[in-house]
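Values quoted throughout were computed directly from the atomic coordinates according to the rules given, and no laboratory measurement underlies them. Keep in mind the model is a prediction, meaning the values are calculated, not measured. As a convention, Cβ positions derive from the backbone with ideal geometry for all residues, glycine included, and neighbour counts pool all protein chains shown.
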């Protein structure tokens, strides 16, 4: 199942890249493995996946030592400050930095461990009350504040668009994130680059690619529906 799902996903990514005149290598696929057992991750790994995304710190930590060392782990869920220390030297990229206080904690723990942590700033582009992320209005100023902290590198932005029946409806939120990135680039802030835009999930990743996504986060499309009872 996973191999076939990845094949279908790859075809859709290729088509979206072609349709937007983008190179396929500009879009990186994160296999969102939250709630999935190690065996399923191993299967995806054998099919070529190297980027895996987790929502919960404990789950990421539990899987970290059970899987190959060349996996790039992405923290894509809301990160509590008191859990930062457990993953600071394990994650390739933290997608969900949405406040100065969280960034300060990441910086503090990174200094302690002697590592430099790459992060994305999460922006709540749709302004949904149920979602985390800084506001569109505060995104640039938050980037400026975080950029001054030691041992943190801001690599770009992340957003989670609303659940919609028609994925085209989310293109405006993806375009909005891209525009915020452009605004930040023009400011030439030290320790900040806007290379990465993490946006698009199983239901809308093709629209996200059309609007410039460099990371797409696919869970259901690869692993099938989530098994919450297995957590």
Query - Relative exposure of 186, 78, judged by other C-beta atoms within 10 Å (fewest first) - result: 186, 78
**Report entry** Per-bin percent of Cα-Cα distances, the chain [10 Å]
**Finding:** 8, 34, 38, 19, 2
Query raised in the report: Who wins for biggest fluctuation among 64, 45, 163 in a Gaussian network model of the chain, springs between alpha carbons below 10 Å?
Result: 163
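Can you sort 190, 204 from fewest to most other Cβ atoms within 10 Å of each residue's own Cβ? Before the final figure, lay out each step's value.
Details: 190 7, 204 25.
Fewest-to-most ranking of 190, 204: 190, 204.
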Query raised in the report: Which of 193, 17, 49 comes first, and how do the rest follow, when ranked by fewest Cβ neighbours within 10 Å?
Result: 193, 17, 49
Requested in this report: State, to one decimal in nm, how far the label point of residue 21 lies from the label point of residue 183, with both points 7 Å from Cα in the Cβ direction.
Outcome: 2.7
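Please work out the ratio of the alpha-carbon Rg of region 4-84 to 2.2 N^0.38 Å and round it to two decimals. Present the calculation step by step, with values, prior to reporting the outcome.
Values: Rg = 14.4 Å, N = 81, 2.2 N^0.38 = 11.7 Å.
In units of the globular-protein estimate, region 4-84 measures up at 1.23.
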Report summary line: Connecting every pair of Cα atoms under 10 Å apart in the chain and solving the GNM, the largest mean-square fluctuation among 130, 198, 33 falls on 130
Requested in this report: Rank 132, 52, 174 by mean-square fluctuation in a GNM of the chain with C-alpha springs under 10 angstrom and give only the top-ranked residue.
Outcome: 132
